[in-house]
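Chemist: For reference, the structure I am asking about is given below.
The values are calculated or read from the model by the stated rules, or taken from the named source; none is laboratory data. As the structure is a computational prediction, the values presented were derived from the model and not from experiment. Don't worry about glycine lacking a Cβ; one is built from the backbone with ideal geometry, like all the others, and counts go over all protein chains shown. Remember, those area values only see protein heavy atoms, side chains included, never the ligands or the DNA or RNA. Shrake-Rupley method; radii C 1.70, N 1.55, O 1.52, S 1.80 Å.
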Amino acid sequence: MASRVALVSFLLLLAAAPAMSTNYEGEALQALRARLSDPSNALQSWNPSLVNPCTWFHVTCDVRNRVIRLDLGNSNISGPLAPELGRLQDLQYLELYGNNFEGKIPEELGNLKSLISMDLYGNRLEGEIPKSFAKLKSLRFLRLNNNKLSGSIPRELVTLSNLKVFDVSNNDLCGTIPIDGPFATFPIQSFGNNSRLNGPELQGPVPYDFGC
Amino acid sequence: MERVHIQPFLLPILLFFSLSFLEAEAQSEAQALLKWKSSLFQADALSSWSLANSTSACRWFGVRCNSAGSIVQLSLPNANLNGTLDEFDFASLPSLTMLDLNTNLLNGSIPSNISALSNLTSLDLSSNYLAGPIPYQLSNLRKVRHLNLGFNSLENPDYTKFTPLPSVTNLSLYNNSLTGKFPPFVLNCTNLTYLDLSYNNLMGKIPDSLSTNLFYLESLNLTDNFFEEVIPVSLANLPRLQNLHIGSNNLTGGIPPILGSISGLRILELYNNSLGGPIPSSLGQLRMLERIDIKAAALNSTIPPELGLCTNLTYLELSLNQLTGGLPQSFSVLTKMSEFVISGNSLSGEISPDFFTNWTELISFQIQNNEFVGRIPPEIGSATKLQFLFLYNNHLSGLIPPEIGRLADLQVLDLSANFLSGPIPKTIGNLTQLTSLALFYNSLNGTIPAEIGNMTALATLDFNTNQLEGELPATIAQLPNLELISVFDNHLSGGIPRDLGQNGRLYNVSFSNNSFSGELPPALCNGFALQHFTADHNNFTGSLPACLGNCSGLLRLQLGSNHFFGSIPSELGDATQLTYLDLSENKYTGPIPTKLGNLAQLTYLDLSENKLTGPIPTKLGNLAQLTYLDLSENKLTGPIPTKLGNLAQLTYLDLSENKLTGPIPTKLGNLAQLQSLHLNKNSLIGPIPNEIGNLAQLQSLHLNNNNLIGEIPSSLKNCKQLVVLDLGDNGIPGNILEWLGEKLSSLRVLCLRSNMLSGSIPPQLSLLSSLQLLGLADNNISGSIPQSLGKLTAMVEGMQERKKTTNSLYRFYYRESVSIVWKGREAAFQKTLSLVVGIDLSGNYLRHAIPTELTNLSGLVFLNLSRNLLDGSIPKMIGNLKKLEILDLSMNYLSGTIPPSISSLTFLDSLNLSSNHLSGRIPSGHQLQTLDDPSIYSGNGELCGFPLTKSCSSIQASDVQLLTDDDDEKYGCILAWD
């Protein structure tokens, strides 16, 4: 009995965690910053002692002080993407293009359930496109071009019915290009310059990761 | 010890002399002693000196006679004798060979007739209060071998009459007032084996003749004089030298390597000289060496491995030099090492575990303030005699080895300011002799072990600035000797043990910056010894322990950012030594106790961010030492007491965000030291007093959000130090005066928004070369935007950085707060204010075109020109504003196309161009693609393209040409499919 009470209270604690911390989203952004190199001081205004990140430069909040935008395009930043970014539950615009972000795209970014636009193009990201992106039901713009991404395009992405712009050109992707859902409308240039990408998938028994 | 040998063949002759003759001599000796005794103020030790006791002095205390009954020794050390030697009839004691009066209270001078003691071989007058010159007649004591006059206040003898003492072997003149060069007579005392001239004021060079003349010298002590120039290499010619003490002089020129040839040397002290240079490896030849002390001698080499050959070393002290490199592994054979001190150098590398396994006699290991890396070797547990272990301020990492618990004799342990991680080992509880435990400024985590309660000797416990979590163990309250407990800046939580403080000894307690909760322990100040108590930034609740008011030594009470409630205890007014009182950010209600006006020593008073009500007590005007007064963000009512104008030391006064009424007292103009005045967000009325212009030190003036009327007083032009001027949200009429730009040349923030200002923007504002924030929104300002605003150099990218370094106001800036309309909402900028660069001219009657010069201001983070009557087109070079995050040009009469350069603003995240007459294709580009809310562009009938639904016709197709300038092409790639 006691252990069940303990378990329940533990779960309650987990559920309440975001609300308990005074600067939960700010801490997520600090976790990102902690691993980055920022020679141009784009993140200088990110003072961790403030009650929320809403007056930090390149951050925009809504009226409830929740982060809705992160705008760090062309900021001369390098380093890995922090999984903690996945905590920004209200984030709509994640604009990190034109930097030197490296390493894998954290699958936690699939938790950004309010995301409208994700621009990670023009970095040095590698590894696969996370399948978890299929959870980004509000996503309209997804630009991952000009990185070093490999693997196949996750088929789960065909369920992103709001996706209007998709660009994975200039990577090292393989397999075939999906044709279902929004993929029916994307121009072929969006997939260009991936030497192992084998053209639109054919209906039939050919696996989508053919050639991977 | 001198022995009196009576040669047997002399006995018959002695017997031949009549007894009466001998008796007469003995009586005169006794009389001489009694005469001296009677001259003393204090001679309790000499109670046996009485003819009634014995007519022969030979039985008296401290007296020894030869067989003939003559006094040969007088030995009265440490006998509390107080008086002079003036009545001592030395001539009556012709047989005296030894006179020892050391460690008494004798004063006056040494009488010159002491020379009558012609048989004296040993004279010890050390540790008295004798003064005046050493009598030259002393040099007549031709038989004296031991002469000790140390620790008096004796001055130079007349050297011209002071002949050498041919018999003297031991000469001690330490700790007197000898001046001038090396005493010349000493150089002719050629039988000297022991010479101590330390702690005098001798100067000049150490003479080379010392080495040639004093051939038998075994011990030379010249410590703490003013000897200068080099250490003479001739010292190496002293073949018998064992002890060389020449520390604390002005010697220079390095350590002569030839010192390594003094093969019998046991002690080498060269400390506190500006020697410079290396430690010569030749010192490794000193195989007899036991102690080496070259502390603070500006040495700048590595430690030579050859020192590891000095296997008799027990004491090595090389601290406070500029030594580099690592500790030689050869040191691991120095098995007699007892005290090892190399702190305060730039030594690096790892600590060899062999030191601890081999140095079984180690008592003190002090390597603090260096750059050592690596782990603390677990082998440290082998050095079981260790009493002092100082490893602080290095770059040590890894765990604290649990083996440290084996060091049962340890008294002081300081591992602070390293990169140590992991938990505090439970074994630390075994250190029952430890009085001081300092682990602060590391990365320790886990909980504080309950075993700490076993450390019964512990007086100081400092764990601040780690990542410790969990609760303070209840056992901590059982420590009987605990005086200081400091755990600030950790992740500790839970309540404080209820009995903490019951030992009545706590004087310094810091819980700041944790997550502690519950009430403070009622026993905390039981002994009333508390001096410093800081518990700010926690979740403490309840009220303060009642005993605080009885802590008469209380100096600092820092309890801000908690949940304390109830009224502020007026008993605090009884802790009259209090200098620092911070109760800010709590839930205190009720009035400010008038008794706080009794705290005459108070320099810092912060009661801000509570729910205090009632008026500001007039008695606060008595706090004459106050430099900082912050009562902001409460619910205080009534007028600002005029008596606050008496606080002559005040530099910071913040009464903002209350419900204060009435006018600003003119007496505030008396606060001559005031640098910061915050009266904003109250209900103050009337004009800004002219007297504010008397505040010549004022750097920050916030009067915004009141009901002030009347024009800005021209006296304000005297406040030439002003950096921040915020008069926004009042009812201030009149023109923006030209002198603002001409006189207040330090201004960085000028906010006059939401007033009734009229007229045009004076071009002179461009003279404000430090201005980074200009807020003139919501006034009745007309005319055009002056082109000269493009010359506001602090708004040019990179310029504000340069300003900050030349301007020493950064710390001061830390406390500033200015409200800005930021991304659609009002936001207060505080700690990052110095980074915010922007112009807000919205909501006025500004006409004509936006001057293209504004696009020179490449450091702008925001630009708001909305709600004016501006016409013309958006400046083509708007893309120069690379830092721009916020651009609002809405609700004007702007026409033409949106310049394509706007698409290079990659930080732009808040854009509003609505309600103008703009036309043509909306440019595309990296960042504009993400600004996909159509309302950004609404109310411009002729705009087309994304994100508007209206697509562009072929007429606008020509704009595609402009798109090719866009660096969007950088990643654009059109590939043939194959």
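Chemist: Does B:ASN221 qualify as being free of Cβ contacts under 8 Å to residues at least 40 places away in the same chain and of a type in the set (S, T, N, Q)?
Modeler: Considered against the rule, which asks whether it is free of Cβ contacts under 8 Å to residues at least 40 places away in the same chain and of a type in the set (S, T, N, Q), B:ASN221 comes out as no.
Chemist: If you go through the stretch B:910-926 one residue at a time, how many are in contact with a helix residue (DSSP H, G or I) (Cβ under 8 Å, 6 or more places away or on another chain), away from every other protein chain (no Cβ under 14 Å), of a type outside the set (A, V, I, L, M) and not in a strand (DSSP E or B)?
Modeler: Counting residues in the stretch B:910-926 that are in contact with a helix residue (DSSP H, G or I) (Cβ under 8 Å, 6 or more places away or on another chain), away from every other protein chain (no Cβ under 14 Å), of a type outside the set (A, V, I, L, M) and not in a strand (DSSP E or B) gives 2.
Chemist: Go through the stretch B:236-252 residue by residue and tally those that are over 15 Å from B:ASN272 (Cβ atoms) and surrounded by fewer than 21 Cβ atoms within 10 Å (Cβ to Cβ).
Modeler: If we filter the stretch B:236-252 for residues that are over 15 Å from B:ASN272 (Cβ atoms), which is where we start, we get B:236-243.
Pick out the ones that are also surrounded by fewer than 21 Cβ atoms within 10 Å (Cβ to Cβ) and you get B:236-237, B:239-240, B:242-243.
Number satisfying all stated conditions: 6.
Chemist: Residues in the stretch B:236-261 that are in contact with a Phe, Trp or Tyr (Cβ under 8 Å, 6 or more places away or on another chain) and either outside any loop (DSSP other than H, G, I, E, B) or not charged (D, E, K, R) (or both): how many?
Modeler: 8
Chemist: Just to be sure I understand, how many residues within the stretch B:611-644 are open to solvent by 10 Å² or more (accessible area, probe 1.4 Å), in a strand (DSSP E or B) and over 15 Å from B:LEU677 (Cα atoms)?
Modeler: The total comes to 3.
Chemist: Let me ask something else about it. Those residues that are of a type in the set (Gly, Ala, Ser) and over 22 Å from B:GLU471 (Cβ atoms), I need them from the stretch B:520-573; list them, please. Break it down into steps so the answer makes sense when it comes.
Modeler: The initial filter retains those residues of the stretch B:520-573 that are of a type in the set (Gly, Ala, Ser), namely B:523, B:527, B:529, B:535, B:542-543, B:546, B:549, B:552-553, B:560-561, B:566-567, B:570, B:573.
The answer is B:GLY527, B:ALA529, B:ALA546, B:GLY549, B:SER552, B:GLY553, B:GLY560, B:GLY566, B:SER567, B:SER570, B:GLY573.
Chemist: I need the full set of residues from the stretch B:665-684 which are out of contact with any Gly (no Cβ under 7 Å at 6 or more places or on another chain) and assigned to a loop (DSSP other than H, G, I, E, B), in order please.
Modeler: Those that are out of contact with any Gly (no Cβ under 7 Å at 6 or more places or on another chain) and assigned to a loop (DSSP other than H, G, I, E, B): B:ALA672, B:GLN673, B:LEU674, B:GLN675, B:LEU679, B:ASN680, B:LYS681, B:ASN682.
Chemist: Could I ask something else about it? Suppose the filter is in contact (Cβ under 8 Å) with a residue 12 or more places away in the chain and away from every other protein chain (no Cβ under 13 Å); does A:PHE183 pass it?
Modeler: yes
Chemist: Still on this model: What strands (runs of 3 or more DSSP E), lying completely within the stretch A:114-187, carry at least 2 residues that are surrounded by fewer than 18 Cβ atoms within 10 Å (Cβ to Cβ)?
Modeler: Of the strands (runs of 3 or more DSSP E) lying wholly inside the stretch A:114-187, those with at least 2 residues that are surrounded by fewer than 18 Cβ atoms within 10 Å (Cβ to Cβ) span A:124-127, A:148-152.
Chemist: Just need a number here: residues in the stretch B:550-583 that are within 29 Å of the chain's Cα centre (by Cα) and open to solvent by less than 10 Å² (accessible area, probe 1.4 Å).
Modeler: At the first step, the residues of the stretch B:550-583 found to be within 29 Å of the chain's Cα centre (by Cα) are B:551-562, B:572, B:575-583.
Add one more test, that the residue is open to solvent by less than 10 Å² (accessible area, probe 1.4 Å), and what stays is B:551, B:554, B:557, B:559-560, B:562, B:572, B:575, B:578, B:581, B:583.
Number satisfying all stated conditions: 11.
Chemist: Given the conditions (1) at pLDDT below 95; (2) in a strand (DSSP E or B), and given that B:SER745 satisfies all but one, which numbered condition is not satisfied?
Modeler: Result: B:SER745 fails condition (2) only.
Chemist: Okay, next question. Scan the stretch A:146-153 and give yes if some residue there is farther than 22 Å from A:ASN100 by Cβ and away from every other protein chain (no Cβ under 14 Å), otherwise no.
Modeler: Start the filter on the stretch A:146-153 by keeping residues that are farther than 22 Å from A:ASN100 by Cβ, which leaves A:152-153.
Retained after the next criterion (residues that are away from every other protein chain (no Cβ under 14 Å)): A:152-153.
Yes, that holds for at least one residue.
Chemist: Just checking, which of B:LEU101, B:LEU81 is under 25 Å from B:LEU165 (Cβ atoms) and open to solvent by less than 30 Å² (accessible area, probe 1.4 Å)?
Modeler: Only one candidate passes the filter, namely B:LEU101.
Chemist: Looking only at the stretch A:99-108, decide whether some residue is at pLDDT 95 or above and out of contact with any strand residue (DSSP E or B) (no Cβ under 9 Å at 6 or more places or on another chain).
Modeler: Yes, that holds for at least one residue.
Chemist: Further question: Report yes if some residue within the stretch B:851-866 is open to solvent by less than 50 Å² (accessible area, probe 1.4 Å), modelled with pLDDT of 95 or more, polar (S, T, N, Q) and under 19 Å from B:LEU752 (Cα atoms); otherwise report no.
Modeler: yes
Chemist: Evaluate the following for A:GLY103: is it away from chain B (no Cβ under 14 Å), at positive phi and under 14 Å from the mean Cα position of the chain (by Cα)?
Modeler: yes
Chemist: Filter the stretch A:77-95 down to the residues that are more than 11 Å from chain B (Cβ to nearest Cβ) and part of a loop (DSSP other than H, G, I, E, B), then identify the one that is most open to solvent (accessible area, probe 1.4 Å).
Modeler: Of the residues in the stretch A:77-95, the ones more than 11 Å from chain B (Cβ to nearest Cβ) are A:77-91.
Cutting the leftovers down to part of a loop (DSSP other than H, G, I, E, B) gives us A:77, A:81-82, A:88-91.
Working: A:ILE77: 0, A:LEU81: 11, A:ALA82: 2, A:LEU88: 0, A:GLN89: 61, A:ASP90: 29, A:LEU91: 1 Å².
Among those residues, the one meeting the criterion is A:GLN89.
Chemist: Residue by residue through the stretch A:56-69, note down the ones that are within 16 Å of A:LEU120 (Cα to Cα) and more than 9 Å from chain B (Cβ to nearest Cβ).
Modeler: Within the stretch A:56-69, none qualify.
Chemist: While we're here: Take the residues in the stretch B:875-909 that are in a strand (DSSP E or B) and more than 16 Å from B:ARG921 (Cα to Cα), then tell me which one is nearest to the other protein chains (Cβ to nearest Cβ).
Modeler: B:ILE886
Chemist: While we're looking at this one, here's another question. Can you tell me which of B:SER209, B:SER198, B:SER177, B:SER219 is surrounded by 21 or more Cβ atoms within 10 Å (Cβ to Cβ), among the small types (Gly, Ala, Ser) and on the phi < 0 side of the Ramachandran plot?
Modeler: Checking each option against the conditions leaves just B:SER198.
Chemist: For residues that are small (Gly, Ala, Ser) and surrounded by 19 or more Cβ atoms within 10 Å (Cβ to Cβ), tally how many sit in the stretch B:47-61.
Modeler: Selection size over the stretch B:47-61: 1.
Chemist: Something else now. With a cut-off of at least 3 residues that are among the hydrophobic types (A, V, I, L, M, F, W, C), name the strands (runs of 3 or more DSSP E) lying wholly within the stretch B:348-399.
Modeler: Once the strands (runs of 3 or more DSSP E) in the stretch B:348-399 are filtered for at least 3 residues that are among the hydrophobic types (A, V, I, L, M, F, W, C), what remains is B:388-390.
Chemist: Using the structure shown, decide if B:ASP86 is at pLDDT below 90 and either at positive phi or acidic (Asp, Glu) (or both).
Modeler: Working: at pLDDT below 90: no; either at positive phi or acidic (Asp, Glu) (or both): yes.
No: the conditions fail for B:ASP86.
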